[in-house]
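S.K.: Sharing a structure with you now.
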Amino acid sequence: MSATAITTVQVQGISVETLLGKFDELKSQIKELQQQPQADRLITRDETAKLLGVSLVTLHNWVKSNILIAYRVGNKVRFKENEVLASLQQINSKR
């Protein structure tokens with residue numbers, strides 16, 4: 001079979017509208033999953049500063065003050081997205 005072969009699939013017992021509705025539900029579920037922070041997703045300093053709305057200097061000061069935890073990956077600094085979001089909630093609750 002070549003790489004350009006087309007496979008035909010027939011679906012019986014379901015209307016076109018129902019099938020399209022299922023695809024719409026699937027698309028919305030995928031969007032929700034993409035927006036949720038991943039448990040161990042590492043983000044860069046720039047992404048973290050943008051997410052928190054602060055400068056890189058402020059971000060560095062927060063790491064030194066143990067407000068945020070930074071991780072070294074080789075010679076790069078990374079932050080866990082879920083930890084950054086949790087820290088942001090703590091900072092907002094103190095105000």
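The values are calculated or read from the model by the stated rules, or taken from the named source; none is laboratory data. Here the structure is a predicted model, which is why all the values come from computation and not from measurement. Backbone-built Cβ (ideal geometry, glycine too); neighbour counts: all protein chains shown.
Matching residues to (1) touching a strand residue (DSSP E or B) at 6+ places or on another chain (Cβ under 7 Å); (2) of a type in the set (A, V, I, L, M, F, W, C); (3) loosely packed, with under 10 Cβ neighbours inside 10 Å:
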site: Gly21; (1), (2), (3): no, no, no
site: Glu32; (1), (2), (3): no, no, yes
site: Gln35; (1), (2), (3): no, no, yes
site: Leu42; (1), (2), (3): yes, yes, no
site: Arg45; (1), (2), (3): yes, no, no
site: Leu56; (1), (2), (3): no, yes, no
site: Ile67; (1), (2), (3): no, yes, no
site: Tyr71; (1), (2), (3): yes, no, no
site: Arg78; (1), (2), (3): yes, no, no
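S.K.: I need a count of the residues in the stretch 31-72 that are at pLDDT below 90 and of a type in the set (Val, Ile, Thr).
M.R.: Counting residues in the stretch 31-72 that are at pLDDT below 90 and of a type in the set (Val, Ile, Thr) gives 1.
S.K.: Within the stretch 80-95, which residues are surrounded by fewer than 14 Cβ atoms within 10 Å (Cβ to Cβ) and at pLDDT 90 or above?
M.R.: none
S.K.: Among Leu85, Leu42, Leu52, Leu56, which is more than 20 Å from the chain's Cα centre (by Cα), hydrophobic (A, V, I, L, M, F, W, C) and more than 30 Å from Val11 (Cβ to Cβ)?
M.R.: Answer to the selection: Leu56.
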